[in-house]
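J.: First, the structure itself, so that you have it in front of you.
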Amino acid sequence: MQAGYDAYLVGGGVRDLLLGRVPKDFDVATNARPEQIKEVFRNCHLIGRRFLLAHVRFGHETIEVATFRAAHTEDTEGQGAMEGGRITLDNVYGTLDQDAWRRDFTVNALYYNIRDFSVVDFSGGLQDLEAKVLRIMGDPVNRYREDPVRMLRAVRLSSKLGFSIDPATEAPISKFGYLLRGIPPARLFEEVLKLFFGGAAVQTFAQLKRYGLFTELFPLTARALTSEIANSFLSMALSNTDARVAIGKPVTPAFLFATLLWEPVRKGMLKRLDLSPLEAIQTSADLVLQEQSKRVMIPRRYLLQIEEIWTTQARFLTARGKRAKQLSENSRFRAAYDFLLLRVASGEELKRLGEYWTRVEQGGLTGTSVDEEECETPPTPEAVLPGPIEVTTQKRTRRRSPKKPPLI
Ligand code: ATP
Ligand code: MG
């Protein structure tokens with residue numbers, strides 16, 4: 001930096017460049033204190049609770065600039081705090097090599113010196129990069145205790161980069177997954193998005209299950225995933241996500257969470273035979289979302305979208321004719337319809353319902369309306385839901401609106 005401070009590119013950006021991959025973002029580490037960074041860059045603001053960072057804007061890009069940090073035992077400037085071995089405040093400033101030892105993995109602790117284009121490697125990161133090994137800096141158990149999210153990062157980065165996890169780094173993960181229960185659910189939401197939107201969701205999901213971490217993030221789903229259909233639904237959803245990420249198509253948190261939580265919702269719905277499908281889904285959804293939010297906090301705006309994807313599954317059973325057309329013109333139809341197709345593809349007995357809505361969707365696209373013949377031949381109840389529900393729901397719908405065509 002011209003102002004006389006040292007600045008290095010560090011983290012995933014350097015790692016990815018050295019691997020020949022396109023970096024997602026660049027982080028800068030410097031010996032300048034946050035206030036000093038602010039003095040140098042006008043377009044800069046300071047952010048962060050656990051640790052203070054400077055965000056410096058260059059056009060559309062935001063570069064994260066962090067002051068070198070050190071371990072808390074050091075007699076250094078700033079503030080640090082631990083809670084039962086976990087770092088809760090991380091603003092103890094230090095030197096470059098102290099900063100390196102604070103990072104998670106050796107391949108993430110490579111510093112690219114902007115002044116002379118050299119790479120500074122304190123920990124054998126270049127060698128690990130060559131060997132495609134993810135190795136944690138320092139003592140694995142201590143580092144996981146300090147920040148249990150590092151276990152998720154180990155799974156995510158090894159899956160994404162196709163690296164193996166060094167045995168000593170890997171060994172404690174299965175045992176210490178429970179430490180994730182101490183992480184604020186809002187932080188875990190961000191981590192879940194990174195886990196599943198990084199382009200390797202299928203592999204990441206398999207690894208999370210293998211190390212017992214999926215249970216910590218999605219306990220209800222982990223328990224509910226007992227059938228082949230439910231497992232194939234999720235793996236299809238995740239491979240679709242990977243395919244979309246690979247070609248740069250957008251992916252949405254609401255759809256992801258709707259698929260991840262569908263099996264517990266579906267199972268809960270099947271237990272509520274006294275209610276209509278719509279009410280059963282709503283009741284089950286509320287319970288599942290409430291329980292899930294204790295682990296991974298789902299922001300409100302997504303909650304509404306998730307519920308809509310699920311409740312539309314019930315509407316698909318009943319909406320026919322004009323109401324079907326109206327539903328298909330709703331801006332939220334597409335997500336719920338894609339969801340239905342995934343259910344069909346995974347082997348739920350919904351083939352005729354899927355076909356019906358495909359006809360509606362295509363009619364919608366070409367501008368032709370759903371004709372009478374289709375209204376008269378909606379899928380049979382048998383094709384839609386297992387026996388007991390169909391009887392209850394038919395009774396219920398008839399009671400409410402006797403003039404409507406029979407349900408399903
Ligand atoms: P990605 O390519 O997905 O962005 P990344 O390694 O760059 O991967 P970031 O979350 O952007 O991940 O973090 C940037 C850098 O900050 C990391 O490379 C690592 O050096 C450091 N870091 C991030 N999270 C932690 C953590 N929990 N503990 C220690 N160091 C971390
Ligand atoms: Mg990064």
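The values are calculated or read from the model by the stated rules, or taken from the named source; none is laboratory data. Remember, predicted model here, so these are calculated numbers, not experimental data. So basically every Cβ, Gly included, is an ideal-geometry build from the backbone, and we count neighbours across all protein chains shown.
J.: Among the numbered criteria (1) over 25 Å from the mean Cα position of the chain (by Cα); (2) within 15 Å of residue 282 (Cβ to Cβ); (3) charged (D, E, K, R), which one does residue 325 miss?
T.: Tallying (1) over 25 Å from the mean Cα position of the chain (by Cα); (2) within 15 Å of residue 282 (Cβ to Cβ); (3) charged (D, E, K, R), residue 325 fails exactly one: (2).
J.: In the list 220, 238, 234, which residue meets the criterion of being farther than 18 Å from residue 341 by Cβ and surrounded by 17 or more Cβ atoms within 10 Å (Cβ to Cβ)? Steps first, answer last, please.
T.: Values: 238 fails: farther than 18 Å from residue 341 by Cβ; 234 fails: farther than 18 Å from residue 341 by Cβ.
Within the list 220, 238, 234, the selection yields 220.
Yes/no matrix, rows are residues, columns are (1) crowded, with 20+ Cβ neighbours inside 10 Å; (2) over 23 Å from residue 198 (Cα atoms); (3) assigned by TED's automatic domain parsing to the domain that holds residue 188; (4) of a type in the set (A, V, I, L, M):
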residue: 92; (1), (2), (3), (4): yes, yes, no, yes
residue: 98; (1), (2), (3), (4): no, yes, no, no
residue: 103; (1), (2), (3), (4): yes, no, no, no
residue: 114; (1), (2), (3), (4): no, yes, no, yes
residue: 156; (1), (2), (3), (4): yes, no, no, no
residue: 161; (1), (2), (3), (4): no, no, no, yes
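J.: So residue 13 ticks every box in (1) within 12 Å of ligand 1 (Cβ to nearest atom); (2) in a loop (DSSP other than H, G, I, E, B); (3) modelled with pLDDT of 90 or more but one. Which box is left unticked?
T.: Every condition holds for residue 13 apart from (2).
J.: Just to check your reading of the model, which residue among 289, 208 is crowded, with 23+ Cβ neighbours inside 10 Å and free of Cβ contacts under 8 Å to residues at least 60 places away in the same chain?
T.: From the options 289, 208, the qualifying one is 208.
J.: Right, another one. At least 3 residues that are in contact with a Ser or Thr (Cβ under 6 Å, 6 or more places away or on another chain) and more than 16 Å from ligand 2 (Cβ to nearest atom) in each: list the helices (runs of 4 or more DSSP H) lying fully within the stretch 140-210 that qualify. Spell out the reasoning first.
T.: Values: elements: 140-146, 149-161, 167-170, 173-176, 185-196, 201-210.
So the answer is 201-210.
J.: Right, next: Taking only the stretch 89-128 into account, find how many residues are more than 10 Å from ligand 1 (Cβ to nearest atom), within 23 Å of residue 48 (Cβ to Cβ) and in a loop (DSSP other than H, G, I, E, B).
T.: The number of residues fulfilling the criteria is 3.
J.: I need every pair where a residue in the stretch 126-137 that is on the phi > 0 side of the Ramachandran plot has its Cβ under 8 Å from the Cβ of a residue that is assigned to a strand (DSSP E or B) and surrounded by fewer than 21 Cβ atoms within 10 Å (Cβ to Cβ), sequence separation at least 6 or different chains.
T.: Cβ pairs passing all conditions: 132/164.
J.: Here is a further query. For the stretch 73-82, does any single residue satisfy the condition of being in contact with a Gly (Cβ under 8 Å, 6 or more places away or on another chain), outside any strand (DSSP E or B) and not charged (D, E, K, R)?
T.: Residues of the stretch 73-82 that are in contact with a Gly (Cβ under 8 Å, 6 or more places away or on another chain), as a first pass: 74, 76.
Next, only the ones that are outside any strand (DSSP E or B) stay: 74, 76.
Still in the running and not charged (D, E, K, R): 76.
Yes, some residue in the stretch 73-82 is in contact with a Gly (Cβ under 8 Å, 6 or more places away or on another chain), outside any strand (DSSP E or B) and not charged (D, E, K, R).
J.: What number of residues in the stretch 250-286 are hydroxyl-bearing (Ser, Thr, Tyr), buried (at least 17 other Cβ atoms within 10 Å of the Cβ) and farther than 13 Å from residue 310 by Cα? Walk me through how you get there before you give the answer.
T.: Residues of the stretch 250-286 hydroxyl-bearing (Ser, Thr, Tyr): 252, 259, 276, 283-284.
Going one step further and asking which of them are buried (at least 17 other Cβ atoms within 10 Å of the Cβ), we end up with 259, 276, 284.
Those left that are additionally farther than 13 Å from residue 310 by Cα: 276.
Residues that pass the stated criteria total 1.
J.: If you don't mind, another one. With the requirement that a residue be free of Cβ contacts under 8 Å to residues at least 12 places away in the same chain and either touching a Phe, Trp or Tyr at 6+ places or on another chain (Cβ under 7 Å) or within 12 Å of ligand 1 (Cβ to nearest atom) (or both), what does the stretch 22-47 give you?
T.: Matches in the stretch 22-47: 22, 23.
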